[in-house]
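Comments concern the structure below.
The values are calculated or read from the model by the stated rules, or taken from the named source; none is laboratory data. Everything numeric in this text was worked out from a predicted model, so none of it was measured. Cβ coordinates were reconstructed from backbone atoms using ideal geometry, including for glycine residues, and neighbour counts include every protein chain displayed.
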Amino acid sequence: MSRTIDRPPGGFVGPVKRSITIAGHQTSISLEPVFWTALEAAAAARALPLSALVAQIDALRIREDDPPNLASALRTWLFLDTNCDIDESHSQ
């Protein structure tokens, strides 16, 4: 039996660009509003400024053999942080 899905509250919204300072340098990041909201909540839950959380994720990202862009790393980190019971080994 097939079930229908609903559109997200507020509809589908494209990326919003913000500037954040990481390691003393301004960088622009484009994320959909739902990801900005989730990132702000994750920073607040850790009692960190948004820029500090982004800097920590960026530091982890650049250690990868083939680092993704920062926006992709943020989305991935947020998804896995929110859905920590997902087995990542099945994603590739």
> What pairs can you find where one residue is in region 50-77 and more than 20 Å from THR37 (Cα to Cα), the other is outside any helix (DSSP H, G or I), and their Cβ atoms are less than 6 Å apart, with a gap of 6+ or different chains?
Replying inline: ARG61/PRO67
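Of the residues that make up region 31-45, is at least one assigned to a strand (DSSP E or B) and modelled with pLDDT of 95 or more?
The initial filter retains those residues of region 31-45 that are assigned to a strand (DSSP E or B), namely 31.
Cutting the leftovers down to modelled with pLDDT of 95 or more gives us 31.
Yes; the residues of region 31-45 include at least one that is assigned to a strand (DSSP E or B) and modelled with pLDDT of 95 or more.
For the subset of region 1-28 comprising residues that are surrounded by fewer than 10 Cβ atoms within 10 Å (Cβ to Cβ) and of a type in the set (Gly, Ala, Ser), which member is farthest from the chain's Cα centre (by Cα)? Give the steps one after another, and end with the answer.
To start, the set of residues in region 1-28 that are surrounded by fewer than 10 Cβ atoms within 10 Å (Cβ to Cβ) comprises 1-7, 9-12, 14, 17, 19, 23-26.
This time we only want the ones that are of a type in the set (Gly, Ala, Ser), so: 2, 10-11, 14, 19, 23-24.
Numbers: SER2: 31, GLY10: 19, GLY11: 19, GLY14: 14, SER19: 15, ALA23: 18, GLY24: 21 Å.
So, considering only residues that are surrounded by fewer than 10 Cβ atoms within 10 Å (Cβ to Cβ) and of a type in the set (Gly, Ala, Ser), the one farthest from the chain's Cα centre (by Cα) is SER2.
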> Residues in region 67-92 that are modelled with pLDDT of 95 or more and more than 23 Å from PRO15 (Cβ to Cβ): how many?
Replying inline: 0
